[in-house]
Amino acid sequence: MKLKLPNTFVLLLALLALIALATWVVPGGRFETELVNGKPVVVAGSFQPAAAKPQGVVAFLTAPIKGFVEAALIIGFVLIVGGAFAVLQKTEAIDAMIKAVARAHRQSAWVRAAVIPGFVTLFSLGGATFGMAEEAIPFVLIFIPLALALRLDSLTGVAIPFVGSQVGFATAFLNPFNVGVAQGIAGVPLFSGIGYRAICWAIATGLTIAFLMWWAARIRRQPELSPSFALDEERRRTLDLASFEAFAGMTGRQRAVLWLFAATLVGMIAGVVRWGWYIEEIAALFLVMAVAVGLVARLSADDIVAAFLHGARDLVGTALVIALAKATVILLRDGQIIDTMLHALAPLVGSENPVFAAQKMFLIQSVINFFIHSGTGQAALTMPLMAPLADLVGITRQTAVLAFQFGELTTAVIPTSGITVGVLALSGIPYGTWVRWMLPLQAAYLVMALALLAIAASMGWA
């Protein structure tokens with residue numbers, strides 16, 4: 001769900017070809033494993049050379065379909081959830097909620113103080129729970145005029161939905177697209193460690209809110225300090241705020257849709273925590289939500305089906321990437337070089353202090369995120385290596401998953417991210433302007449990630 005197809009698709013195809021070639025030159029090797037709580041865990045120091053099994057043209061061409069087979073459950077889940085949220089968007093309840101808040105802003109000092117914290121928290125929760133990322137792009141068109149109407153700037157209007165959802169995605173506690181997939185591959189119970197992850201999410205979201213509140217106060221005093229000041233002045237002369245002014249309030253149906261959506265999220269949390277739900281049950285819940293919100297909003301059966309299919313169709317690219325990412329692992333495994341790569345990576349990540357090992361793993365994941373910033377694709381590609389590598393360097397697999405998540409904190413500023421490029425193209429903000437403005441916040445994210453990983457590694461978080 002979390003990618004722009006062309007760059008990631010081409011990169012994974014090239015990577016698949018490189019891996020196939022590598023099986024002809026990289027020596028084979030194998031670690032011994034032992035069962036711990038029913039899961040195979042690599043035994044440190046047990047690496048032994050083994051015969052490599054070079055993968056030829058036939059293996060390269062058949063790997064993607066094998067990837068589809070092995071990742072079928074995740075792919076089906078992604079398509080169902082994407083379809084469900086397309087139906088939710090079709091009801092226009094989310095748009096109505098934003099306009100209702102804008103109207104309240106004009107009438108209440110309390111609302112004026114709570115707009116940035118409230119919306120950033122809302123979008124961050126979206127990223128942390130159902131993996132909101134690309135879904136934030138259309139909200140830029142709503143939040144830029146909203147920000148200008150509130151005497152803010154376009155940068156703030158972009159950051160509220162975009163950075164809010166991205167920081168929630170990177171520090172998620174219930175996101176099935178990164179946490180769920182990574183934990184499943186790492187052999188960690190689904191959505192375990194939710195307490196510490198929730199703390200990480202709260203800290204990261206609070207940091208984002210503090211930065212935006214500081215910036216908002218600054219440009220309200222001196223609007224000309226904004227790098228987007230000239231653009232904003234032009235927009236204020238031509239901006240049509242009629243849709244905000246004419247908004248008559250949320251309808252009863254739209255309120256009911258929002259309550260159903262909230263109930264779905266609560267149900268997902270309860271199901272995972274209390275009854276141990278996994279992908280099948282969560283997918284079924286979102287399927288029920290799609291039908292329920294469509295009926296409550298009085299959408300016709302044709303409209304519900306059309307919206308669902310549209311949302312699922314938009315995620316076919318994600319399905320391809322998941323399959324290709326899984327295919328890379330299949331070639332590594334069948335060629336018997338995956339353990340050799342682990343053995344080579346261990347000295348780079350390894351440290352006598354597990355804190356440094358976790359932090360170095362995070363920095364490696366940040367570099368990987370520059371090239372592959374699909375939450376699901378990156379998890380499928382890196383966790384088969386990072387999870388057993390964690391066993392070798394003395395940190396828990398739970399901490400390795402957190403290091404993988406934190407690597408995605410750079411998504412909001414990397415030029416290879418289709419989401420970032422799309423948001424900036426839609427907003428008209430030059431990439432260089434955006435990156436310079438984001439640098440202080442990115443530096444704060446870096447310090448935060450290193451500190452939180454140090455805590456997790458120190459306490460042997462499992």
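The values are calculated or read from the model by the stated rules, or taken from the named source; none is laboratory data. For clarity, every value in this text was computed on a predicted model and none was experimentally measured. For neighbour counting, all protein chains shown are included, and Cβ atoms are generated from backbone atoms with ideal geometry for every residue, glycine included. Just the protein is used for accessible areas: all its heavy atoms, side chains included, with ligands, DNA and RNA removed. Shrake-Rupley method; radii C 1.70, N 1.55, O 1.52, S 1.80 Å.
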Amide H of residue 30 versus every other amide H placed in the peptide plane: which residues, excluding those fewer than 5 positions away on the same chain, fall under 5 Å? 48, 50
Normalised by the residues of the chain, what does the relative contact order come to in percent, with Cα pairs under 8 Å and at least six apart? 28 percent
Determine the shape class of the stretch 161-208: with a ≥ b ≥ c the square roots of the Cα gyration tensor eigenvalues, call it rounded for a/c under 1.5, and otherwise prolate if a/b is greater than b/c, oblate otherwise. oblate
Along the stretch 442-458, Karplus-curve 3J(HN,Hα) (6.51, -1.76, 1.60; θ = phi - 60°) to the nearest Hz, with x for Gly and Pro, reads 5, 5, 5, 4, 4, 4, 4, 4, 4, 5, 5, 5, 4, 5, 4, 5, 5
Provide the per-residue ³J(HN,Hα) series for the stretch 430-436, in order, calculated from phi with Karplus coefficients 6.51, -1.76, 1.60 and θ = phi - 60°, each as a whole number of Hz, with x at glycine and proline positions. x, 4, x, 4, 5, 5, 4
Would you please put 290-296, 335-341 in order of how densely packed they are, using the mean number of other Cβ atoms within 10 angstrom per residue and starting with the highest? 335-341, 290-296
Applying the Karplus parametrisation 6.51 cos²θ - 1.76 cosθ + 1.60 with θ = phi - 60° to the phi angles of the stretch 50-65, what ³J(HN,Hα) value in whole Hz is obtained for each residue in order, glycine and proline being reported as x? 8, 5, 6, 10, x, 9, x, 4, 5, 5, 4, 6, 8, 4, x, 5
Tensor-based shape of the stretch 54-198 (alpha-carbon gyration tensor, a/c under 1.5 rounded, otherwise prolate or oblate): prolate
Just from the alpha-carbon atoms, what are the Rg and Dmax of the stretch 400-443 in angstroms? 11.6, 37
According to the square roots a ≥ b ≥ c of the eigenvalues of the Cα gyration tensor, what is the shape class of the stretch 193-320, taking rounded for a/c under 1.5, prolate for a/b larger than b/c otherwise, and oblate for the remainder? oblate
Helix 338-349 sits off the longest principal axis of the Cα atoms of the chain, rounded to the nearest 10 on a 0 to 90 degree scale, by 70 degrees
Counting only protein heavy atoms and a 1.4 Å probe, tell me what percentage of the chain's accessible area is made up of carbon and sulfur. 68 percent
Taking 358-366, 450-458, 404-412, 20-28 and ranking on average Cβ neighbours within 10 Å, highest first, one gets 404-412, 358-366, 450-458, 20-28
Euclidean distance of C-alpha centroids, the stretch 143-164 and the stretch 178-202, integer Å: 31 Å
Give the angle, between 0 and 90 degrees and rounded to the nearest 10, that separates the Cα long axis of helix 418-427 from the longest principal axis of the Cα atoms of the chain. 20 degrees
Using all C-alpha to C-alpha distances in the stretch 333-462, build P(r) with 10 Å bins and read off the rounded percent in each one. 12, 39, 30, 14, 4
Between residue 458 and residue 247, with labels modelled 7 Å along Cα→Cβ, what's the label distance in nm to one decimal, could you check? 4.4 nm
Expressed as an acute angle from 0 to 90° and rounded to the nearest 10, what is the orientation of the C-alpha long axis of helix 279-296 relative to the principal long axis of the chain? 20 degrees
Rule-of-thumb check for the chain: C-alpha Rg over 2.2 N^0.38 Å? 1.01
Could you state the accessible area per residue of the chain in Å², with a 1.4 Å probe and every protein chain left in place? 41 Å²
Would you give the gap between the C-alpha center of the stretch 394-421 and the C-alpha center of the stretch 50-110, rounded to a whole Å? 17 Å
Taking every pair of Cα atoms in the stretch 152-231, average 1/r, invert it to obtain the Kirkwood radius, and report Rg/Rh to two decimals. 1.17
